[in-house]
Amino acid sequence: MPAKFDHNDSSVVVIIGSGAGGGTLAHELARKGISVVVLEAGKRVEMTEFQNDEVAMFALFTWQDPRTATGSWSVAKTSPDLPVWTCKLVGGTTVHWGACALRFQDHEFKPRTRYGAIAGANLMDWPVDLKEMEPYYDRAEDMMGVTGTHGIPPLPVSNHGKVLFAGAKKLGYTKYQVTNMAINSLPRDGRASCQQTGFCVQGCTFGAKWSTLYVDIPRAEATGKAEIRPECQALRIEHDASGKVTAVVYADRTGALQRQKARIVAVAGNAIESPRLLLNSSSSLFPHGLANSSGQVGRNYMRHTTGAVFAVFEKPVHMYRGTAQSGIVMDEARLDTRRGFVGGYQMELLPQGLPSFAQTIIPGGWGRDRAWILDHYANAAGLWVIGEDMPRETNRITLHPEKKDRFGMPIPNIHSDDHPNDVAMRNHGYQQGESLYKSIGALKTVRVSPYPSTHNMGTNRMSEKPRDGVVNQFGQAHDVKNLFVSDGSQFPSSGGENPTLTIVALTLRQAEYIADQMARGEI
Amino acid sequence: MKRTLESGQVTRRGFLVGGAATIVTVAVSGVTLLADPARNWAVELPSFTPDQARVLLQFVRDLFPHARLVETFYAEAIAPLHDEAAKDPATRELLASGIAQLNTLAHAPAGKSYADVTDEKARVAAIRQIEGGAFFAKVYGATLTPLYNQRKVWPLFGYEGPSSALGGYLHRGFNDLDWL
């Protein structure tokens with residue numbers, strides 16, 4: 001049964017956000033008998049409200065509060081009002097994620113050592129490495145039911161996957177397969193198996209896809225130690241004279257301000273909202289933002305180097321049928337600087353329904369050439385290039401100097417400029433993607449510029465030394481020992497893999513650390 | 001807004017009764033209708049003159065020219081834009097001046113409009129001159145999704161859409177591709 005805690009109960013851990021980081025942390029701590037209050041800005045939507053409808057679900061899930069974008073990144077031009085696509089509901093982005101569950105590679109934890117000094121990039125090794133992360137990846141995969149691990153069979157190959165694999169083979173690639181997916185290929189853990197609906201991103205109507213919305217959150221509540229407060233947006237974290245955090249001020253569903261006292265605060269609002277909240281919690285003790293003595297809060301914003309290639313064939317593909325992102329080509333994920341860039345990228349299936357395809361195939365495009373592509377929608381196939389982008393101090397989240405949201409909180413501005421390494425990688429990915437599809441007879445290929453960012457990372461990065469980052473290897477703020485960051489903003493680098501599995505693995509590790517530190521009376 | 005011509009009963013936009021190969025713009029009691037009398041279908045656009053409605057219709061078709069789509073789908077696509085114009089004088093003014101500009105740029109003969117210019121190249125050349133402007137951005141942004149998000153449009157592009165109620169695509173062709 002869900003717990004109910006008093007606003008003055010200062011024994012609780014307050015978690016801000018309920019996605020991959022916050023939802024997982026709530027479950028892990030509650031399981032260990034620790035009281036948690038989860039503040040979630042969005043609504044609590046039930047699985048029964050999911051529809052196979054791209055436009056309606058976009059409206060239901062998306063964080064649409066105003067944000068602004070600056071910098072030379074193409075998204076600032078193609079989608080200035082929605083530069084990132086994150087979610088605002090219980091479960092966060094685990095409701096709409098594609099469920100690719102890939103581990104980072106060893107070298108991706110050591111970019112500074114392995115790539116060397118790169119001009120214009122703020123490269124830093126992680127304070128953890130793959131070997132230390134392996135047991136947590138292992139537990140995360142088991143908990144999420146990742147196919148291809150723990151004896152769970154892979155999902156079957158869809159039409160869209162067949163096209164990708166045929167092109168990969170023709171091009172001489174060898175590392176193509178059905179992706180490790182946090183989507184049940186067989187019934188498991190009380191959840192159904194995938195029915196190939198094709199609407200993973202609109203919320204899985206069968207619950208085959210792992211999401212904290214219907215896995216971790218209800219289980220956290222069932223312990224009797226967790227209370228989820230939807231439609232409660234955190235505005236400010238307060239601290240005492242010693243610099244320990246003491247409470248979170250938030251606006252509830254009526255807009256009224258509340259103050260929840262806390263023993264520990266964990267911020268898990270994603271790499272845009274988490275630094276926004278810390279920056280908005282500045283005080284005389286922390287004049288540049290809470291836990292920001294390093295000056296790194298909000299900096300090193302990463303979004304993956306992305307781009308898409310779509311191809312039109314003579315015969316039907318029906319890319320919308322089946323598990324959305326189930327095919328992957330991993331040959332370009334290696335580190336090989338002969339290609340003209342450091343880091344690597346994956347090529348992942350990227351199907352779209354007709355409404356999304358029409359919106360994004362040529363941003364701002366019109367006329368007969370564009371119409372021809374849409375006329376061949378049934379014969380189209382597409383892949384997404386997703387690779388490591390360079391952390392840059394100047395790519396950052398800041399508080400807008402004038403614009404405020406409905407609660408009077410400054411809105412975030414997202415500034416990003418591509419690093420030359422990002423541009424070289426994207427162009428390589430475009431060329432390889434086009435070659436892949438042309439090798440099996442594509443009539444036409446189209447390069448699509450990056451979409452609003454779904455993988456947002458780096459803005460409260462972890463570091464060994466306090467001067468280099470915001471949190472330590474457990475996500476604990478260097479400056480404030482009872483403040484934690486529990487989302488992708490901890491990442492010092494982006495790797496070339498979808499971030500969710502790594503967020504969950506880091507969170508499992510963090511939960512152990514928090515419980516241990518609490519037991520020792522350290523926090 | 002939509003109403004059936006026979007009954008005169010006004011209903012909000014709902015399910016299309018049918019597609020029309022050609023539709024007419026008429027003013028009934030001073031209210032502009034895009035109508036397909038043969039199929040008992042109409043979209044009511046009281047904020048536009050019949051000429052303005054015809055220009056908008058042709059403009060949106062030129063932006064998104066699909067031979068397979070009959071006029072009623074384009075009429076449905078501009079209906080939300082009309083609703084916005086009905087509420088907001090600034091939008092109405094933006095559309096009116098944009099339409100007038102299109103007429104000029106397409107070199108429509110005196111008394112005729114952009115919609116009467118039969119040379120597609122001339123219409124496309126006119127659009128190129130307004131691309132990037134506020135009128136173009138407004139019409140483009142307001143009509144794209146309403147055009148392609150119509151359930152009756154989907155099968156015409158081979159999109160089968162929702163699958164959950166049918167058990168997904170697991171037994172409905174998710175892996176039936178055999179031409180590779």
Item checked: Flag for B:Gly168 being facing another protein chain (nearest Cβ under 8 Å), under 22 Å from A:Val201 (Cβ atoms), surrounded by fewer than 18 Cβ atoms within 10 Å (Cβ to Cβ) and at pLDDT 95 or above -> no
Note to self: Checking the condition on the phi > 0 side of the Ramachandran plot and either of a type in the set (Lys, Arg) or open to solvent by less than 20 Å² (accessible area, probe 1.4 Å) (or both), which residue from A:Gly22, A:Gly42, A:Gly33, A:Gly17 passes?
What the structure shows: A:Gly17
Check: Among (1) assigned to a loop (DSSP other than H, G, I, E, B); (2) touching a residue at least 24 places away in the same chain (Cβ under 8 Å), where does A:Glu332 come up short?
Finding: (1)
Item checked: Listing of helices (runs of 4 or more DSSP H) fully contained in segment B:40-105 that carry 1 or more residues being crowded, with 22+ Cβ neighbours inside 10 Å and touching a strand residue (DSSP E or B) at 6+ places or on another chain (Cβ under 6 Å) -> B:50-63, B:71-87
Note to self: Can you find a residue that is within 14 Å of chain B (Cβ to nearest Cβ) and either within 21 Å of A:Phe58 (Cα to Cα) or open to solvent by less than 10 Å² (accessible area, probe 1.4 Å) (or both) anywhere in segment A:339-351?
What the structure shows: yes
Notebook entry, point to check: Is segment A:113-122 home to any residue that is within 28 Å of A:Asn184 (Cα to Cα), open to solvent by 30 Å² or more (accessible area, probe 1.4 Å) and more than 14 Å from chain B (Cβ to nearest Cβ)?
Noted result: no
Next item on the list: Go through segment B:133-159 and give me each residue that's at the interface with chain A (Cβ under 7 Å from one of its Cβ atoms), open to solvent by 30 Å² or more (accessible area, probe 1.4 Å) and either of a type in the set (D, E, K, R) or not in a helix (DSSP H, G or I) (or both).
Entry: B:Asn149
Margin query: Going through A:Gln473, A:Gln490 one at a time, which residue ends up being open to solvent by less than 20 Å² (accessible area, probe 1.4 Å) and in contact (Cβ under 8 Å) with a residue 24 or more places away in the chain?
Written below: A:Gln490
Check: Looking at A:Leu213, is it of a type outside the set (Ser, Thr, Tyr), within 12 Å of chain B (Cβ to nearest Cβ) and either within 18 Å of A:Leu349 (Cα to Cα) or open to solvent by less than 20 Å² (accessible area, probe 1.4 Å) (or both)?
Finding: no
Next item on the list: Pull up segment A:134-160, narrow it to residues that are surrounded by 21 or more Cβ atoms within 10 Å (Cβ to Cβ) and within 8 Å of another protein chain (Cβ to nearest Cβ), then point me to the one that is nearest to the chain's Cα centre (by Cα).
Entry: A:Ser158
Item checked: Every residue from segment B:106-123 that is surrounded by fewer than 17 Cβ atoms within 10 Å (Cβ to Cβ) and either within 14 Å of another protein chain (Cβ to nearest Cβ) or not polar (S, T, N, Q) (or both) -> B:His107, B:Pro109, B:Ala110, B:Gly111, B:Lys112, B:Asp116, B:Asp119, B:Glu120, B:Lys121, B:Ala122
Notebook entry, point to check: Could you say whether any residue in segment A:285-295 is aliphatic (A, V, I, L, M) and crowded, with 24+ Cβ neighbours inside 10 Å?
Noted result: yes
Checklist line | Where A:Gly327 falls short, out of the listed (1) open to solvent by 20 Å² or more (accessible area, probe 1.4 Å); (2) in contact with a strand residue (DSSP E or B) (Cβ under 8 Å, 6 or more places away or on another chain); (3) within 12 Å of chain B (Cβ to nearest Cβ) | finding: (1)
Notebook entry, point to check: Right, A:Gln196: part of a strand (DSSP E or B), within 19 Å of A:Glu348 (Cα to Cα) and touching a residue at least 60 places away in the same chain (Cβ under 8 Å) or not?
Noted result: no
Check: So which residues in segment A:368-393 are open to solvent by 10 Å² or more (accessible area, probe 1.4 Å) and either more than 21 Å from the chain's Cα centre (by Cα) or at the interface with chain B (Cβ under 8 Å from one of its Cβ atoms) (or both), if there are any at all?
Finding: A:Arg368, A:Asp369, A:Trp372, A:Asp375, A:His376, A:Ala378, A:Asn379
Item checked: Residue check, A:Arg406 crowded, with 20+ Cβ neighbours inside 10 Å and basic (Lys, Arg) -> no
Item checked: Of all residues making up segment A:172-188, the number that are away from every other protein chain (no Cβ under 14 Å) and open to solvent by 10 Å² or more (accessible area, probe 1.4 Å) -> 7
Next item on the list: Answer with yes or no whether A:Gly298 is in contact with an Asp or Glu (Cβ under 8 Å, 6 or more places away or on another chain), away from chain B (no Cβ under 14 Å) and open to solvent by less than 10 Å² (accessible area, probe 1.4 Å).
Entry: no
Next item on the list: Go through segment A:352-364 residue by residue and tally those that are open to solvent by 10 Å² or more (accessible area, probe 1.4 Å) and either under 18 Å from B:Val153 (Cβ atoms) or out of contact with any Ser or Thr (no Cβ under 7 Å at 6 or more places or on another chain) (or both).
Entry: 6
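The values are calculated or read from the model by the stated rules, or taken from the named source; none is laboratory data. Not measured: the values here are computed from a predicted model. Don't worry about glycine lacking a Cβ; one is built from the backbone with ideal geometry, like all the others, and counts go over all protein chains shown. SASA here: full protein model, heavy atoms, side chains in, ligands and nucleic acids out. Shrake-Rupley method; radii C 1.70, N 1.55, O 1.52, S 1.80 Å.
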